[in-house]
Structure formats: structure tokens, C-alpha cells
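The values are calculated or read from the model by the stated rules, or taken from the named source; none is laboratory data. All of these numbers come straight from a predicted model, not from anything done at the bench. Reconstructed Cβ throughout: ideal geometry from the backbone, glycine too, with neighbour counts over all protein chains shown.
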């Protein structure tokens, strides 16, 4: 019998009525003949409440106890979902992470999945169970303690179960109805994509499209598990949502799949840095230790043995970055003439696997921005992505112009 | 090193501030040189919330899923308590039922404890841990599923751990400061008892003194674990609370330890019942099947092969009892002339192990009530208890008069 994995996030199981609505979607898939593994998050708001209690008690908490506390939210939802399905006369039962057991490393709070043995759940499917409900986000360490998988952990759980059980697909139910060519709040011409390649989704996720966690997409790509992102608040049919799949399963070929943006960026420039081997490590080592998430990095042409080093980071990390760099300077690890921060920038990116085989995409992007009078401050590129840092006030304009220029409103 | 078990109920761990106050009491015992096993309930109100969700979804729920959901409240408290203790620099960690493992039967919702292996917790004590924090009320079945122990389950967990680990005492912290000679709301002369025998506590618990669950007292008596009941909201010293212990450890000898009451009782009488062998079974079988908690039973003298059968039950079960008996009559299982319910009665009892060796206690009780003009409707006795059913309006008067007559205000 074919197996489907369905994952419901916190807003999709926020109360018993929503759990019932989610269960209706599970029942429909059972009716289509699938066995189903349902992975659930905690009811919306619950995990934050638990996290706040922990942080309030102990700012530097024991991560093992944090995991024991925070994982309880998913256990509640899993039991309630199983009960709801049983009430609909669908044979179902719940599993907590340790019961599967979903074995992880001991890295509490950010554990990696090691193994998901199938025996326990397969035995129940063999007895006639149709739905296994799994408390997402959690596992068990070699020491027998509860672990959690970190941010987006339930998505990761869902994909891992899909891989372990050879599921035909992993459906991620959330509060949006799919992946769009760009943020519909910025461009009314944004269009839902029917399909998108894993690689494109990865770039979009890391660029601020908050639909799927990067880690779950990576896992799906590695194991070739097709993902579908769709809304739990709308009726489901064959055209619902967006399917994230391998490049060769895309129906269409297109140059650009979407335009992403990230509003709260900052650009920092170290001026007059001595240009010597190892200088990049000397600069970015202290930033990493200071927990600064450096994104784009540009090194200017060297003159007289001195250069300027520019990087971007989230705007709220600017003070932290400044402290780390000045401390490194005082310690004699680096030398620079000035540190300049521009906190009024945003990042806009175009993403598409078609770029790999098509020339002139970057030129078209830069020309479009120039025609709108948008000055580009920093450029970085990857195989399937071009990102630019621009003044924040032009962000919406730039997104709209690029969306139009690459004709993303028209179905590929 | 001596080991102490401390149990904190829901109101004692209702929020992080109260958890901190409870942790202070644990820290004081660690400071006195004890290792401690702390057993915690869910934060007040949490379990009810979870139970309501389950009942709302499925009136006839799968008890295994109920247990998986409802046990989550204790897991949260256990983790938060461990974190609070660690923050106070006391080496502590939490255990959920399955981690100990506290092995139970598979009777979900009312599981019996089978075994508590000491190895895991002892190993951590040997490593220098001073406090093991246990999520109360829960265990694991032979099938590997989470079980709960039913009403008062955390008290039962605490006593079971005290027995398994040879604790010097099991301290039950709650919202009252001990066991009283009677309800202080009824008699201002009520006095806190320093000590009480297990047998007396059992009778008082089952008679409506809500301090300790019957089951935990039975378990303590069987394993000879001294209990101390005390308030988590008042400072603790050597005279705090009431110690529940074996009869031979009582300092004093007294006839009556306390006066108990139960307000919402009903008296039901089946008139003109055919007096034949098996008639009691024919009557009380259907009542048991109808989930009527029959308490006192009195059969009157038979005349002409007919008798009256009187019993008491909680007043809110009268309609249920009536339905069960009339159904049995219609089915031809029993025959009676009339069914009379008196829903305006209360039960008052005196309890004391000294009764066993002292004559005239019953006579003194009945004389006291007669002097106050209180008519006795039903009497039952056990070795250490005499209960009477009286008009509810005289309940307070009867309690006060008996408390005075047996001089319970004076320290024994």
C-alpha cells in the first residue's frame, strides 16, 4: 500500500477544531487508499510559552532539560490528533519520538537525526492501522534523553519519515497555499508556482521566503522525497500547493523561478585593511565567534597593500559585529582605518536553475534596476542566484520591476 | 547518604515563582545532607485543560492516547524544576516515567505500579547528582506506551519511589498544613495532629478529608514508609505538618483521632423487598454496573418474608441508582414495593485506633448526638470507625458536638 507523509504546523493544529479540520484532510488521503504518517507540531503558541518559562528560570539553561520541557507540546497534539482520527473510525495511534524511536545525536536543541527504525510502525500498519501520528521536532539521544531538532524541526521530522518509509510524497500543510514567484504583499502580480526545483527552493528559503526550513529541503533533496507545500485552511485537490522536486521532474524550463527579498540587512565596510594572506580569516573568525551571521562578502581591489572589506549581516547584529571587530583590533589581530555601517539596505535576489544555461541574466537584472534608478551597492552570485544589496527604500520597487522584467506573472 | 522523597502538588508548582519556592524547600533538605527525589504534579489547571481537550474530541476516548496527552503536564513541571534547582547550583536532572522506567500494568488511566528499577537514578546519585526530579502520575506499560496512575497518582508515585529507594520519609507538600482533628471551617476548635496512624488516615481519607489519596496511604502502610503532609506555602521546620506512620510509632494513645464528614450523601430505601438468599447480590449488582458508589448498607429485620434494604450513595448518583433499580425490576431480577430517596442527609464519622481497645465509644457518640437532638438514620461501624447518617442541616452541629465530647481540641 502506498504511504504518504502529511505534516501540520502549529497554526494548522492550534485548537481542537483545527485539529479536526486537519484530520479531515488525513481522512481524505486514507479514503484515496494511502496509509499515512502524520507529523504534528505543537499547538500554535504552546512552544513559545514553554520556551519563555525555561528562559525565565535559567538564562543559560541545561539544553537537556529544555528539550524535555519544550517537546511536550508536540506530544499533546499527537495524542489529540490520534483521538480525533479514531473518532472518525480511522485506525490511528500516536508515537512520541522515543517510542519510534527516532534516534538522534546528543546535540540537544539542535540534534541531527541518526536513524528511524521502521519495525514498530510497520508492525502496526501490518495489523491494520491506517495512520501513525508522530510528535514532530523530537527524538531520543544515545543516552536515552529527549532531544529536539531545532528550528523547523517538525518539517525535518516529516521529511525524514518520508525518506525512511519510502513515502510517495511529503505534504507540508501550513498557513500559505504554496510558493510564490515573489511576496504577494509586494507584487500583486505574484503567481503561485506549480513546481519548483529543490535547489531553487533552498535559495529562496535561505533568502527569506519563510515557507520551508532550509534543512528540511536539503534532506528532501538528498533522499529524493518530493515535497508539496499547501494550505491547511483551503480545500485540497490535485492542483493545490507547490511541489518541490528534483530538477528533472519539472514540467517547464525557465530562467528565473522567483524574486526573493530580505528587508533588514546592513552593510558594513572595514576601510584600509592591510591586505595580507589570512586577513579574511582574521576578520571573519571573530565575527563568527561573536555570533554574527555574515551573508555577502566583497573584497575590493587592493591599493598600496591596503584594501576595503565589505560584508552584510542582519541589521540587529550591527552592534555585535562592531564590538567583535573593535575587540579584534585592540587585541592586535586585525588593523583597519575605519568601520562604516550602512543600516538602511535590503537584499533582492533572483533565483532560477535556468540561469546555469542562459547567458545575460545578470545583465538583464542590472539593466532593469538601472532603468528604475536603483543603485546597486553589493553584488554576489551563485550558480542559480544573483543577489544585490540596495537602499531599503527601493526594495519594493526593485522586486516589482524584476518580477515584471522576467515575466514571472505568466505561467511558465 | 540518607534519601528523602518530596512531592509537590499542582498548586505548589502552579507557576515559575511557586516552582522556585518549592525548589527552596528542596535546597534546604539538600543542605541538611539528604539526597532528594522530588515528585511533581502538573502545574495547577494544566491537567484539566488537557482532559477537557480529550473529552471534547472523544467522549469515549482511547485511554492510551488519553494517557499520552495528559501525562505531558508533569513532564513540563519536572523539567522546569530541574532547571530551577540547577540555577541554584544543585546538581539535578529530570526523569519522565518511561526513563526511570516506572513499570506499570497496561490498565491505562488507572495503571498499577509493577516495578521501579533503581539502577538509572542510583547511577546518577553515585556521580554526584543530589536531586532526581520525577514527573509524577505516569509510567510505562509492557507494550511501551505511556500509562497514568489515576486520581492522586502523583502521591502514589511519590510513595512508590520512597519504598523502592528506602527513603527515610515521604513529604507530601500541598495547600494545607497538615491533618486536622476535623474540618477547621466547621469547628474553630479543630487542631492539627502531629501524628496519625496509617489506618486512621485511611478512614479519614475515604470519609472525605481530601488531604491524601487513599491509595497512596495504603501503599505507604504496606511498605512502612512514613508520610509527612505539610504546606508548601509556609516555612518548614521539625514540627511542620502531620506525620502519618505505623501505629507503634505514635507517641500518644487516644481513643478518637478525628471527626470526619461527608456532606452530599443520599439515603435510598427499597421497601418490601422479598427476603431470599442472593437478594443483596441482585440489588447491588445492577447498582455497581450502573456506576453507583454505594457506601453504607443496612438490611432491616425481615417480616413475613419481606424486608427493607437501605443504602447510601453520593446525592448526585440518586437518579442513576433509581434507573438501575427500576430496570432490574422490569427485567424481573428483583421485586420491591417502593423506592424512597432521602436526599437531605450527611455522614458524620469518628475515627480512632483506640476504639479497638476501649468500650463505650459508640455509646458516647450516640448520647452526644441525642443530647443535641440529632436523629440518627443509619449506623455503620468498622474496627476503628463509627459512621452515622443524619439530616444534613445538623451536620455542623454534630461535628462540633462530637469534637467537644471527645476533647479533640486538647493535645493528646
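Structure summary
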| item | result |
| --- | --- |
| Residues that are surrounded by fewer than 20 Cβ atoms within 10 Å (Cβ to Cβ) and within 14 Å of another protein chain (Cβ to nearest Cβ), drawn from segment A:143-202 | A:143, A:144 |
| Residue that is modelled with pLDDT of 95 or more, within 22 Å of residue A:75 (Cβ to Cβ) and in contact with a helix residue (DSSP H, G or I) (Cβ under 7 Å, 6 or more places away or on another chain), where the choices are B:105, B:77 | B:77 |
| Top-ranked residue in segment B:233-249 [being without any contact (Cβ under 8 Å) to a residue 60 or more places away in the chain and over 17 Å from residue B:174 (Cα atoms); ranked as surrounded by the fewest Cβ atoms within 10 Å (Cβ to Cβ)] | B:248 |
| Any hit, segment A:109-124, residues being modelled with pLDDT under 95, more than 10 Å from chain B (Cβ to nearest Cβ), in contact with a helix residue (DSSP H, G or I) (Cβ under 6 Å, 6 or more places away or on another chain) and not in a strand (DSSP E or B) | yes |
| Evaluation of residue B:114 against (1) crowded, with 22+ Cβ neighbours inside 10 Å; (2) over 17 Å from residue B:13 (Cβ atoms); (3) within 21 Å of the chain's Cα centre (by Cα) (one fails), failing number | (1) |
| Residue match in segment A:355-376 (condition: touching a strand residue (DSSP E or B) at 6+ places or on another chain (Cβ under 8 Å), under 19 Å from residue A:293 (Cα atoms) and surrounded by fewer than 18 Cβ atoms within 10 Å (Cβ to Cβ)) | no |
| Options B:229, B:217: the member that is closer than 29 Å to residue B:1 by Cβ, under 13 Å from the mean Cα position of the chain (by Cα) and in a strand (DSSP E or B) | B:229 |
| Test for residue B:350: is it closer than 17 Å to residue B:179 by Cα and surrounded by 19 or more Cβ atoms within 10 Å (Cβ to Cβ) | yes |
| Positions within segment A:53-71 being under 23 Å from the mean Cα position of the chain (by Cα) and facing chain B (nearest Cβ under 10 Å), in sequence order | A:66, A:67, A:70, A:71 |
| Any chance residue B:121 is crowded, with 21+ Cβ neighbours inside 10 Å and more than 23 Å from residue B:1 (Cα to Cα) | no |
| Qualifying residues in segment B:299-347 (those that are out of contact with any helix residue (DSSP H, G or I) (no Cβ under 7 Å at 6 or more places or on another chain), within 20 Å of residue B:264 (Cα to Cα) and touching a residue at least 60 places away in the same chain (Cβ under 8 Å)) - the one surrounded by the fewest Cβ atoms within 10 Å (Cβ to Cβ) | B:340 |
| Total residues in segment A:79-107, condition surrounded by fewer than 22 Cβ atoms within 10 Å (Cβ to Cβ), in a loop (DSSP other than H, G, I, E, B) and either more than 12 Å from every other protein chain (Cβ to nearest Cβ) or touching a residue at least 12 places away in the same chain (Cβ under 8 Å) (or both) | 7 |
| Residue list for segment B:164-198, filter: farther than 30 Å from residue B:132 by Cα and outside any loop (DSSP other than H, G, I, E, B) | B:180, B:192 |
| From B:166, B:150, B:178, B:136, residue being touching a strand residue (DSSP E or B) at 6+ places or on another chain (Cβ under 8 Å) and modelled with pLDDT under 95 | B:178 |
| Residue in segment A:19-31 that is more than 14 Å from every other protein chain (Cβ to nearest Cβ), part of a loop (DSSP other than H, G, I, E, B), surrounded by fewer than 24 Cβ atoms within 10 Å (Cβ to Cβ) and free of Cβ contacts under 8 Å to residues at least 60 places away in the same chain present | no |
| Number of the exception - residue A:255 against (1) under 30 Å from residue A:18 (Cβ atoms); (2) modelled with pLDDT under 90; (3) in contact with a helix residue (DSSP H, G or I) (Cβ under 7 Å, 6 or more places away or on another chain) | (1) |
